[in-house]
Every structure is written in C-alpha cells, then in structure tokens.
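Undergrad: Attaching a single structure in structure tokens format; questions to follow.
The values are calculated or read from the model by the stated rules, or taken from the named source; none is laboratory data. Source: prediction; values computed, not measured. Reconstructed Cβ throughout: ideal geometry from the backbone, glycine too, with neighbour counts over all protein chains shown.
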Amino acid sequence: MKLKVNNLCKQLPDGRKLLDDISFEVGEGEFVGILGRSGAGKTLTLRALNGLLVPSSGSILIENDNETIEINKVKGKMLRQIRQQIGVVFQGFNLVKNLTALENVLIGRLGSISPWRSLVLGFTDQEATEALLELEKVGIKPLAFRKVASLSGGEMQRVAIARALFQQPILLLADEPIANLDPSNALGVMQLLADLHKKIPIIGVFHQPELTARFCTRVIALKAGKIIYDGSPKLSSSQLQDLYGEELNHLTPAVG
C-alpha cells in the first residue's frame, strides 16, 4: 500500500489557505507523526486522507493491489468502501460506553455488512472470535465483556484501536490518540502503535515531540498550513522552537 498526497490545498472563500501545497508519500512499514502548533492544519490533513474534508485542489491517491484510487474524486458507495479500508482512532475514543469492549470492536465492521444483517442477525460467532483476537493484540482480551464505561482512558483507547484493526484496514489514522491519557497510558499506546506499524502504515497527529522522536519512523511538521519539515523523527531543539514558538513551553513533557 502507498499513499500519495500531491499539492493538497484547502482555501476559504476569503482566500485564506488552511492547507497550502501539502505533498508527501507514506508506504509500508512507516509510522508517521504529524507535528505542529494548534491550528497548523494537522487534523485537517488527516481528515482529508479519508475523505472527511474535500480539498480545494490537489489529489490524494491510494495505491493497493495494482489499483489506484483518488480519494478526493470519489463519492457515495465508493467513498464509503474506501473509508472502510482506512481505520481511524480518535482523541475522544468515540466508543459506545453502555456496550462491552467486544461489542464496540464488532461495530468496526458495521459499514461492511448489509443493513439487514446488522439489524436482524447481528454478527457471527466467527466475527466475534476475530474481534476477541484483536482485543488480545492490544492487550485487553480479559476485559472483552466489561462495559466500556467502566474502563480507564488507556483501556478505552486500546478498544478503539482494536475496533479500527477489526475493519482489516490498509491504513490507520490516529488523531491525537494520546492527548487525553496520563503519561503512563500515553507511553503504552505509543508502544502499541509502534508495534502495529510493521503490519499496517500509521499516520498520527501528535503534540508530544519527545514521544514521536522515540516511536515514530518519520515526522512531518506543519506550520501555517505548509510542510516545513519531513524527515527523521528526532528534531533538534532549534527546529522545535521554530515549529512551536512559545507553545513549545506548554507541550506535554517527556515520559518514561
């Protein structure tokens, strides 16, 4: 699988550019962290990658199994099918808290089964077994039958990752997945993502340059909607100062 983003722009009616000529590629085995100040365009870029944001110009291409699809050109059923192949992990988990961990993971495939089966028959025993395997991969299989409302933030995020993996995606997007976690859980989730990227490419938005330096294979830095850096995850102090300015003093400190 290869993702190609070419000259991506998002422009407001007043002419202001939220994304300005964004171009990069991501392939197998990569764990790419996107860094930048608040409002730099990190989340907008991520939303464009699975069709939630329609760019003003540019292209987003996914090459997989000798097929190339331009995400920003497809609509309707085709767009829904592409989104099903792109797992997303959110800052706020986006889980149904009165359901169990296992049930939340199963929800990950609602988009790929018929509405009739989802309403009448539900999920098969085989699908439940596969969902349990995903919970095992993220280290919380013993909590499968606990309601999500009773879980910690770190455990909830692991359920969310298992749900994304249950989709059998070709790409995983993570939008500030550790922003709401304490340092210990943040470290655990980053280690989990670092283990997963060997099987599925991951692109994540982060505010913790210490952790992206430790776990990511590469960092893309955005400033005012433009890429100002794309390379080694280990940015120097001067590079970080240029990227964040005064905001650097308020970022989450290093952990572990």
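Undergrad: Anything in segment 174-232 that is more than 15 Å from the chain's Cα centre (by Cα), hydrophobic (A, V, I, L, M, F, W, C) and closer than 15 Å to PHE24 by Cβ? List them, or say none.
TA: ALA221, LEU222, ILE227, ILE228
Undergrad: Whether any residue in segment 143-158 is at pLDDT 95 or above, surrounded by 15 or more Cβ atoms within 10 Å (Cβ to Cβ), of a type in the set (A, V, I, L, M, F, W, C) and part of a loop (DSSP other than H, G, I, E, B) is what I want to check.
TA: Yes: one or more hits.
Undergrad: Which of the numbered conditions does LEU235 fail, given that it passes all the others? Conditions: (1) over 25 Å from SER23 (Cβ atoms); (2) crowded, with 17+ Cβ neighbours inside 10 Å.
TA: Condition (1) is where LEU235 drops out.
Undergrad: Let me ask another. Go through (1) modelled with pLDDT of 95 or more; (2) within 25 Å of GLU134 (Cβ to Cβ) one by one and return the number of the condition LYS198 breaks.
TA: Only one criterion is unmet by LYS198, namely (1).
Undergrad: What are the residues in segment 9-32 that are part of a strand (DSSP E or B), in contact (Cβ under 8 Å) with a residue 24 or more places away in the chain, within 22 Å of LYS198 (Cβ to Cβ) and of a type outside the set (Phe, Trp, Tyr), if any?
TA: Step one: list which residues in segment 9-32 are part of a strand (DSSP E or B), which gives 9-11, 17-27, 31-32.
In the following step, the residues that additionally are in contact (Cβ under 8 Å) with a residue 24 or more places away in the chain were identified as 9-11, 17-24, 26-27, 31-32.
Retained after the next criterion (residues that are within 22 Å of LYS198 (Cβ to Cβ)): 24, 26-27, 31-32.
Answer for segment 9-32, where residues must be part of a strand (DSSP E or B), in contact (Cβ under 8 Å) with a residue 24 or more places away in the chain, within 22 Å of LYS198 (Cβ to Cβ) and of a type outside the set (Phe, Trp, Tyr): VAL26, GLY27, VAL32.
Undergrad: I would also like to ask the following. On the given criteria, is SER23 more than 16 Å from the chain's Cα centre (by Cα), within 20 Å of GLY204 (Cα to Cα) and loosely packed, with under 15 Cβ neighbours inside 10 Å?
TA: In short, yes.
Undergrad: So in segment 33-89, with the set limited to residues that are among the β-branched types (Val, Ile, Thr) and assigned to a loop (DSSP other than H, G, I, E, B), which one is farthest from ARG214 (Cα to Cα)?
TA: Checked segment 33-89; the qualifying residue farthest from ARG214 (Cα to Cα) is VAL74.
Undergrad: A follow-up question, please. Evaluate the following for ASP230: is it under 24 Å from LYS2 (Cβ atoms) and surrounded by fewer than 18 Cβ atoms within 10 Å (Cβ to Cβ)?
TA: yes
Undergrad: What are the residues in segment 158-187 that are farther than 26 Å from ILE60 by Cβ and either basic (Lys, Arg) or touching a residue at least 40 places away in the same chain (Cβ under 8 Å) (or both), if any?
TA: Correct list: ARG158, VAL159, ALA162, ASN180, PRO183, SER184, ALA186, LEU187.
Undergrad: Say we look at segment 63-111 and pick out the residues that are among the small types (Gly, Ala, Ser) and farther than 16 Å from GLN168 by Cα; which of these is surrounded by the most Cβ atoms within 10 Å (Cβ to Cβ)?
TA: ALA101
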